[in-house]
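The values are calculated or read from the model by the stated rules, or taken from the named source; none is laboratory data. None of these values were measured; they are calculated from a predicted model. Reconstructed Cβ throughout: ideal geometry from the backbone, glycine too, with neighbour counts over all protein chains shown.
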Amino acid sequence: MSSILFEEKLLPVLTDLELKPELWPGLSVNVLFEQLMEFIEHSPAELEEQLEVALVERVRRIAGKGEFCLEKYWAEKILLGADLKTFTYYWNYQKLIDFEVGRMKKVIGDLEEILFFGSGPLPLTAILMAQNYGLKVCCVDRDEESVKVSRSLIEKLGLEEDIKVVKGDFFDFDSYGRAQIILMGALVGQNEEEKAQIVEKILAVKKSEQRGFLRTVCGMKKLLYPAVPEHLGKLICPADKKIINSLIVI
């Protein structure tokens with residue numbers, strides 16, 4: 001598929017999403033995002049380099065907004081009594097966390113504490129790490145609404161002893177405390193330049209025994225999130241292609 005043909009197929013879907021006043025989950029929004037993901041998943045990886053920068057930025061903006069709406073919608077739904085496991089991407093997250101924790105243990109060994117930046121309104125990463133692996137996780141997000149909702153959710157799930165949620169900006173931290181792993185969410189950093197600044201900050205602040213794990217993406221998945229420049233760390237890709245995120249380890 002050529003970049004021109006791809007853009008011709010993508011643009012109507014992208015435009016329809018941009019015209020939506022809100023992107024809360026619903027039949028129309030769900031179908032449009034499913035079409036968007038299908039285009040990305042079934043297109044050759046090398047196509048990403050041929051796309052217009054402006055188009056990539058449009059897709060990332062809409063994907064980020066959609067992810068926030070999806071997480072907040074489900075967090076509030078779970079607060080009202082819905083089963084956590086009915087969340088649309090619960091099992092995708094389970095695979096991602098199994099992959100990440102497995103890699104963390106290979107690097108750290110006896111893993112106990114994680115500092116997670118960009119946890120969002122539905123901190124499923126922290127929840128699964130606590131429930132399935134007995135880990136202590138401190139979640140940090142700069143969005144006050146996300147912090148408020150996620151705190152309520154953690155309390156409802158009875159995980160207050162294992163998961164703490166604090167409001168803050170990554171660049172304001174001058175210590176990572178006792179955390180063994182500094183985990184960066186895929187939406188932290190708006191472009192490759194900011195991702196590089198994040199790597200630089202972690203290397204400047206972390207202790208020698210602490211390691212940074214940054215979620216990144218490869219190929220066409222770069223339409224959804226900006227990637228961490230691969231030369232800045234060790235790239236680890238999951239064997240399961242259904243897992244969207246890869247890791248850069250520093």
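Can you find even one residue in the range 182-193 that is outside any loop (DSSP other than H, G, I, E, B), in the same structural domain as VAL140 (by TED's automatic domain parsing) and farther than 22 Å from SER146 by Cα? For the range 182-193, residues outside any loop (DSSP other than H, G, I, E, B), in the same structural domain as VAL140 (by TED's automatic domain parsing) and farther than 22 Å from SER146 by Cα: present. Can you tell me which residue in the range 12-46 is surrounded by the fewest Cβ atoms within 10 Å (Cβ to Cβ), limited to those that are in contact (Cβ under 8 Å) with a residue 60 or more places away in the chain and in contact with a helix residue (DSSP H, G or I) (Cβ under 6 Å, 6 or more places away or on another chain)? Ranking the candidates gives ALA45 first. Counting residues in the range 47-58 that are of a type in the set (A, V, I, L, M), closer than 24 Å to THR125 by Cα and either touching a residue at least 12 places away in the same chain (Cβ under 8 Å) or surrounded by 18 or more Cβ atoms within 10 Å (Cβ to Cβ) (or both) gives zero.
This table checks each residue for (1) in contact with a Phe, Trp or Tyr (Cβ under 8 Å, 6 or more places away or on another chain); (2) farther than 30 Å from SER3 by Cβ; (3) surrounded by fewer than 21 Cβ atoms within 10 Å (Cβ to Cβ); (4) at pLDDT below 95.
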site	(1), (2), (3), (4)
CYS139	yes, yes, no, no
SER152	no, yes, yes, no
TYR176	no, yes, yes, no
MET184	yes, no, no, no
GLN190	no, no, yes, yes
GLU193	no, no, yes, no
PHE213	no, yes, no, no
VAL228	no, no, no, no
HIS231	no, no, yes, no
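In the range 167-181, the residues that are on the phi < 0 side of the Ramachandran plot form Cβ pairs under 7 Å with partners that are surrounded by 12 or more Cβ atoms within 10 Å (Cβ to Cβ) and acidic (Asp, Glu), at six or more places apart or across chains, as follows: LYS167/ASP141; ARG178/GLU113; ALA179/GLU113; GLN180/GLU112; GLN180/GLU113. Listed by first and then second residue, the pairs with beta-carbon distance under 6 Å, at least 6 apart or on different chains, first residue in the range 201-230 and farther than 30 Å from VAL59 by Cα and outside the structural domain of MET104 (by TED's automatic domain parsing), second crowded, with 18+ Cβ neighbours inside 10 Å and charged (D, E, K, R), form an empty list.
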